[in-house]
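Student: Pasting a structure here, questions to come.
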Amino acid sequence: YLQIRYDNNNSNSAGRNALKNAISSQGLSRMYRGIFAVFAGVIPAHSAFFSVYEITKEKFGANLEGHHPFAAAASGACATMAHDLFMTPLDVVKQRLQLGCHNGVMDCARCIAKQEGSYAFIRSLPVTLLMNMPYSAVNVAVNESARKFISPNGEYNMNTFLLSGGIAGAISALVTTPLDVAK
């Protein structure tokens, strides 16, 4: 709702107003429209991401002794391609359901295919990849680097994971937010 509606008069309350208006006019269940489309893709998409990530880390040499952030970045970018091939079509369905245009996942998918053709499911894939691949590349490269900096001996513990993940997420967002704005 907020991505398609902007309140010029009071941008600080735009999100709160959009949420309040959506719930009051259409009910709390409106906030979950499209969730089943996401559920349908989560397992295969994340399985593909982590499988491709681990395979490419090995192929590109990111698992070798030493520090290889570019190999990790390339692995993250490849993993994102695999992930987004699954999630982009389902994200199209989710977004259409959130707009309230259809009665369910199958109804939505059938209508899109019939009215717009199957290409409509992947039309946004290039833009999605353009945004997500740099994010994932930076995220995994910084995470690998931060883990090595925080724990040079390679000891894995929860504090290292949390701190390196937080640093990686923050830097990734900082670097790639302009791509999201452009999208």
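Student: P(r) tail for region 53-183, what percent of Cα pairs lie past 18 Å?
Tutor: Here the tail beyond 18 Å accounts for 62 percent of pairs.
Student: Round to the nearest 10 and give me the degree value, 0 to 90, for the angle of helix 125-150's Cα axis relative to the longest principal axis of the chain.
Tutor: Once rounded, the angle reads 40 degrees.
Student: Can you give the three extents of the C-alpha atoms in region 94-170 along their principal axes, from longest to shortest, in whole Å?
Tutor: So the three principal-axis extents are 57, 23, 17 Å.
Student: Sticking with this structure for a sec: To the nearest 500 deg cm²/dmol, what mean residue ellipticity at 222 nm is calculated for the chain from DSSP H runs of n ≥ 4 alone, each contributing -39,500 (n - 2.57), summed and divided by the residues?
Tutor: About -25000 deg cm²/dmol.
Student: Any idea which of Leu85, Tyr53, Met31 is furthest toward the positive side of the dipole for the chain, if Lys and Arg beta-carbons carry +1 and Asp and Glu beta-carbons -1?
Tutor: Farthest towards the positive end: Met31.
Student: While we're on this one: Starting from the exponent 0.38 and prefactor 2.2 Å, build the expected Rg for region 77-134 from its residue count and divide its actual Cα Rg by it.
Tutor: In units of the 2.2 N^0.38 Å rule of thumb, it is 1.17.
Readers should treat all values here as calculations from the given coordinates under stated rules, not as data from a laboratory. What you see is a predicted model; the values in this text were computed from it and never measured. Neighbour counts run over all protein chains shown; Cβ positions are idealised from the backbone, glycine included.
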